[in-house]
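Visitor: Quick one: the structure is below, and I'll ask about it shortly.
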Amino acid sequence: MLDRCGRGAVATGVVAVVLGLVTACSSSGSEPAPGNTSASAAAFPVTVNAANGAVTISRRPTAIVSLSPTATEMLFAIGAASQVEAVDKDSDYPARAPHTTLDAFQVNIEAVANYRPDLVIASNLTNAQIKQFTALQIPTLLQPAAQNLTQTYRELNQLGEVTGHPDAAAEQVSGMKRRIAAIERLTQPADGATYYYELDQTYYSETSSTFIGKALGLLGLSSIADAAKGAAASGGYPQLSAEYILEANPDYIFLADSRCCKQSTATVAKRPGWSTLDAVQHGRVVTLDDDIASRWGPRIVDLLRTVSRAVRQHPVQ
């Protein structure tokens, strides 16, 4: 897997990392509330339609292996913590998750099987790997990076079904919707307010068509990367140039590389020409938690709250 902060990363590699949205450099913030820890009385077997087709879970799983940091966060949020046997090395939140050295991007089928899982949840698996798990009679649920909040809600509810916690999952979804709606009501940026969203210090960014772009769009913000050459071909994650950013002069700069790449308001201001940007001059450079900014689970609410606070405290005049 390529380091998101590596200067030599090629476009396709960085896009793969971004679309995976599972790597993180560190974690912060409070852990999720346990939620409803008693499993629902919903009857098994349960069949759900996942990215890898119809998946049937014959009985309530008690030895789940999560190969997705987002799925790990979701499982703990819906009260399925006691059913999780192991999580991959990038699942660093919550801290109490049973961390291992399992690599979600270079999956060792035998290493996963050693945990004797009765359910494997992943965001990145090849058809061949899924077939290997099937041959071992290990149910596998594929949940790729969500493209929008609707898909996030669907994946949360799906995890609730397969773990026996449908009510807790539904409660999480309704809670997220309420909090996001409240944040939307509070946030009223100037018409046409723009932003530059930095994924790494080599200026990879995202457009308004991506998951994060759509989320920020709820707050009335649009990405300067939308008009960048090759934006569509890159899947919504183009590499911009310093010249492009300077010319676009975004109203806000959001740094999703503050931990992995040690970027900050100070480092941005020191870049050649950047001190002239409106965002720098008016205190509208916002550092984001790398983990939260790279996942599509319940903590997306925290990211939107951070952005909303910045917009309200430093409005565009």
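Please treat every number below as a calculation from the coordinates, not as lab data. Just so it is clear, the structure is predicted and the values come from calculations on it, not from any experiment. Cβ: placed from backbone, ideal geometry, glycine included. Neighbour counts: every protein chain shown.
Visitor: Please figure out what share of the DSSP beta bridges in the range 187-313 is antiparallel and state it in percent, rounded to the nearest 5.
Guide: Bridges in the range 187-313 are about 10 percent antiparallel.
Visitor: Can you give me the Cα centroid spacing of the range 93-149 and the range 267-314 in angstrom?
Guide: 33
Visitor: Just for the Cα atoms in the range 162-207, what are the lengths along the principal axes, largest first, rounded to whole Å?
Guide: Projected onto its principal axes, the Cα set of the range 162-207 covers 43, 29, 13 Å.
Visitor: Kirkwood hydrodynamic radius (Cα pairs, Å) of the range 41-166?
Guide: 14.2
Visitor: With each label point set 7 Å from Cα along the Cα-Cβ vector, what nm distance links residue 174 and residue 264?
Guide: For residue 174 paired with residue 264, the spin-label model returns 4.4 nm.
Visitor: While we're looking at this one, here's another question. Below 24 Å, Cα to Cα, which lysines can residue 214 reach? Residues fewer than 8 away in the same chain don't count.
Guide: Partners within reach: 177, 229.
Visitor: Moving on. How big is the dipole moment of the chain about its Cα centre under a simple scheme where the beta carbon of each Lys and Arg is +1, that of each Asp and Glu is -1, and everything else is neutral? Debye, nearest 20, please.
Guide: Using only the charged Cβ atoms, the result is roughly 300 debye.
Visitor: Something else now. Which order do 254, 105 fall in if you start with the one that has the fewest other Cβ atoms within 10 Å?
Guide: Sorted ascending by nearby Cβ count, the order is 105, 254.
Visitor: Given a 10 angstrom Cα cut-off, can you work out which residue in 162, 65, 268 is the most mobile in a GNM of the chain?
Guide: Top of the fluctuation ranking is 268.
Visitor: Here is a further query. Please find the FRET efficiency linking residue 154 to residue 271, where r is the Cβ-Cβ separation and R0 is fixed at 45 Å, and quote it to the nearest 0.05.
Guide: 0.65
Visitor: State the Kirkwood hydrodynamic radius of the range 187-313 in Å, one decimal place, computed from all pairs of distinct Cα atoms.
Guide: By the Kirkwood definition, the hydrodynamic radius is 14.4 Å.
Visitor: Note the angle between two axes, namely the Cα long axis of helix 149-163 and the longest principal axis of the Cα atoms of the chain, as a number of degrees from 0 to 90, rounded to the nearest 10.
Guide: Between helix and principal axis, roughly 20 degrees.
Visitor: Moving to a separate point now. Run the helix sum for the chain: -39,500 (n - 2.57) per DSSP H stretch of 4+ residues, divided by residue count, reported at 222 nm to the nearest 500 deg cm²/dmol.
Guide: Roughly -10000 deg cm²/dmol at 222 nm, from the helical runs in the chain.
Visitor: What is the antiparallel percent of DSSP beta bridges lying wholly in the range 41-166, to the nearest 5?
Guide: Around 30 percent of the beta bridges assigned by DSSP in the range 41-166 are antiparallel ones.
Visitor: Size of the dipole of the range 274-317 about the Cα centre, Lys and Arg at +1 and Asp and Glu at -1 on the beta carbon, nothing else charged, in debye to 20?
Guide: With only Lys, Arg, Asp and Glu charged at Cβ, the dipole is about 180 debye.
Visitor: Straight-line reach only, C-alpha to C-alpha below 15 angstrom: list the aspartates and glutamates that residue 131 could link to, leaving out same-chain residues fewer than 8 apart.
Guide: Of all the aspartates and glutamates, those that pass the test against residue 131 - Cα under 15 Å, at least 8 places apart if same chain - are 110.
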